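The values are calculated or read from the model by the stated rules, or taken from the named source; none is laboratory data. Since this is a predicted model, take the numbers as computed values, not measurements. Here the Cβ positions follow ideal geometry from the backbone for every residue, glycine too, while neighbour counts run over all protein chains shown.
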Amino acid sequence: MHEVSLIENVIAIVERERTRQAFTRVTMIKLTVGALGHAEPDALRFCFHAVAAGTIADSSRLEIEIVPGQGWCADCRGTVPLDERFGACPVCQGGRVRMTGGDVLRVAEMEVE
Amino acid sequence: MCTVCGCAHDHDHGVGSSHHHIHATGAIDFGHGPAGVSVPGLSQARTIRIERDVLAKNNGFAEANRKRIRQAGTFALNLVSSPGSGKTTILVRTLTELRQSRPLAVIEGDQQTSNDAERIRQTGVQAVQVNTGKGCHLDAHMVGHAMDQLSLIPGGLLFIENVGNLVCPAAFDLGEACKVVVLSVTEGEDKPLKYPDMFAAAELMLLNKSDLLPHLDFDMDACLAAARRVNPAMQIFTISARTGEGFAAFHAWIAARAASYLRPMATPA
């Protein structure tokens with residue numbers, strides 16, 4: 001489950017932020033997760049508390065904002081919603097869709113004290 | 001902070017360092033959890049917007065690896081597949097056939113044991129075993145440390161055999177020139193559709209164990225169609241690590257791809 005290492009990276013980003021901004025406790029971490037990306041939101045939630053235990057993010061809440069999948073259809077010549085990374089165009093059912101959005105994985109913000 | 005790799009620990013990079021240690025066998029063990037620090041206290045609550053890419057740190061290490069490999073004049077491939085598709089057997093045949101003509105090196109990733117690195121060393125090729133412990137993939141930081149133990153020589157090839165896993169290694173750039181995905185005909189022909197991230201990330205697919213085809217109901221056309229749907233640009237070779245079928249094409253591909261990758265970049269006019 002690579003979500004464990006992804007959360008370790010999240011905690012490292014938070015720890016690094018503490019060296020720039022004074023705070024002693026993190027009460028909420030908000031992630032932006034693409035619907036078509038490599039990370040499964042439920043798996044991120046599942047391992048978050050175990051990985052955060054004993055760190056500055058111990059007992060912090062995890063919030064996940066899902067960014068929907070989006071693609072560019074070469075036949076419709078427009079942006080279309082995409083449910084699967086290699087899905088067909090939901091408008092014309094054609095296969096010439098290139099994914100353009102929904103692949104992010106970012107720490108967006110956090111609440112600190 | 002560690003000044004060698006920038007990781008957030010105070011440690012040296014020798015035996016017994018806090019985030020990994022090197023076994024007597026030379027295997028590098030990353031199976032230790034991170035040391036955390038807790039500082040309780042109360043102050044005014046506030047929200048900080050930071051907008052950081054979670055994989056930025058890995059990608060930074062990967063770029064450093066890529067630069068180092070390229071400067072050494074070496075071409076690196078990252079071999080990925082599910083467990084048991086034949087990555088190590090493919091490597092053993094490839095190393096045996098190529099070792100007279102080029103300098104070779106191998107990084108072996110597994111959760112535990114140095115069995116694979118020992119198999120590789122029996123071919124006479126240098127190999128470093130990385131044990132990921134709880135981890136399900138190699139990351140660029142581990143590969144950087146493994147490279148410290150190898151000599152990369154101009155015109156050489158570096159093969160990185162990832163942990164057998166078709167999901168997680170797709171997300172972690174190691175600094176390789178390209179990923180090679182291995183699928184064997186004893187697996188389902190729809191695997192590229194079930195695990196699209198990996199097949200989308202690969203430049204080459206090796207369809208292994210072709211010697212077993214007469215005994216199976218494997219639908220070759222359906223498999224190739226599934227792979228091409230996920231990645232229309234991917235090259236595909238059908239091979240057998242047992243009989244050697246298809247290896248001439250695979251090795252010719254490596255030679256051509258390495259030559260174009262290592263060609264000096266044109267200087268801007």
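Data overview
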| quantity | calculated |
| --- | --- |
| Members of region A:1-30 found to be more than 7 Å from chain B (Cβ to nearest Cβ), in a helix (DSSP H, G or I) and buried (at least 21 other Cβ atoms within 10 Å of the Cβ), listed by number | A:GLU3, A:ILE7, A:ILE11, A:VAL14 |
| Residue list for region A:91-102, restricted to those being within 11 Å of chain B (Cβ to nearest Cβ) and crowded, with 17+ Cβ neighbours inside 10 Å | A:MET99 |
| Residues of region B:245-269 classified as modelled with pLDDT of 95 or more and in a loop (DSSP other than H, G, I, E, B), total | 2 |
| Cβ pairs under 9 Å, 6+ apart, first in region B:251-269 and closer than 28 Å to B:THR94 by Cα, second modelled with pLDDT of 85 or more and of a type in the set (Asp, Glu) | B:HIS251/B:GLU97; B:ARG257/B:GLU203 |
| Total residues in region B:103-122, condition modelled with pLDDT of 95 or more, crowded, with 17+ Cβ neighbours inside 10 Å and assigned to a loop (DSSP other than H, G, I, E, B) | 1 |
| Leading residue by the ranking (nearest to B:ALA252 (Cα to Cα)) among those in region B:63-80 that are assigned to a helix (DSSP H, G or I) and of a type in the set (S, T, N, Q) | B:GLN71 |
| Residues of region A:38-62 that turn out to be closer than 21 Å to B:MET198 by Cα and within 8 Å of chain B (Cβ to nearest Cβ), as a count | 2 |
| Cβ pairs under 8 Å, 6+ apart, first in region A:62-90 and hydroxyl-bearing (Ser, Thr, Tyr), second assigned to a strand (DSSP E or B) and surrounded by 13 or more Cβ atoms within 10 Å (Cβ to Cβ) | A:THR79/A:GLN70; A:THR79/A:GLY71; A:THR79/A:TRP72; A:THR79/A:CYS73; A:THR79/A:THR100 |
| Residue under evaluation B:ASN162, criteria (1) surrounded by fewer than 22 Cβ atoms within 10 Å (Cβ to Cβ); (2) polar (S, T, N, Q); (3) within 14 Å of chain A (Cβ to nearest Cβ), criterion not met | (1) |
| Complete set of residues in region B:226-244 that are part of a loop (DSSP other than H, G, I, E, B) and buried (at least 17 other Cβ atoms within 10 Å of the Cβ) | B:ASN231, B:MET234, B:ILE239, B:SER240, B:ALA241 |
| Region B:190-218 - residue that is under 25 Å from B:ALA258 (Cβ atoms) and part of a helix (DSSP H, G or I) and, of those, farthest from the chain's Cα centre (by Cα) | B:SER210 |
